[in-house]
Amino acid sequence: MSTGVIPEGTDPEEIEVKSVEWLARNAGPVDIAGARERETEAWERGKQNASDAAVDVRQDVGAAVVRLPDGDPHATLLVEGAGSDNGPFAGACDCKGYQYHDGPCAHLVTRAVRSILRPGEVPEDV
């Protein structure tokens, strides 16, 4: 089910989620509220681009490819209701921002914000 528009000139096969297993193994709590409170760069970028981002939800539960208007496509995994004391979300992303920084990346922020704008895009209580 696609919930975004694949940018013109982009082959959908080019942005296929390569390894849902890797995302699942590396998933952890995603502190969206903390990013919002600290006004992190990822929060600002993800929030500002939530409406315009291309998000292609995949068949695997919680998996989606996110492409911000100014960036490359990245595979994400995000579920609501599976987090910890750090908030209701758990997930992972294959971008360097997620891998090398504390807190959520802009791609996960985008998906969390869109979960409010577009109910059902992020699965709950998985």
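Mind checking which residues of region 69-89 are out of contact with any Leu (no Cβ under 9 Å at 6 or more places or on another chain), buried (at least 20 other Cβ atoms within 10 Å of the Cβ) and at pLDDT 85 or above?
P73, V79
Have a look at E14, E37, E44, E21 and point out the one that is at pLDDT below 55 and part of a helix (DSSP H, G or I).
E14
Can you tell me which residue within region 28-53, out of those that are of a type in the set (G, A, S) and surrounded by 20 or more Cβ atoms within 10 Å (Cβ to Cβ), is farthest from the chain's Cα centre (by Cα)?
Out of the qualifying residues, it is A35.
May I ask you to list the residues in region 90-113 that are acidic (D, E) and at pLDDT 90 or above?
As a first pass, look at region 90-113 and keep what is acidic (D, E): 94, 102.
Hit for region 90-113 is D94, nothing else.
Go through region 90-125 and report how many residues are assigned to a helix (DSSP H, G or I) and either buried (at least 16 other Cβ atoms within 10 Å of the Cβ) or among the aliphatic types (A, V, I, L, M) (or both).
14
The values are calculated or read from the model by the stated rules, or taken from the named source; none is laboratory data. Here the structure is a predicted model, which is why all the values come from computation and not from measurement. Here the Cβ is made from the backbone with ideal geometry for all residues, glycine too, and neighbour counts use every protein chain on show.
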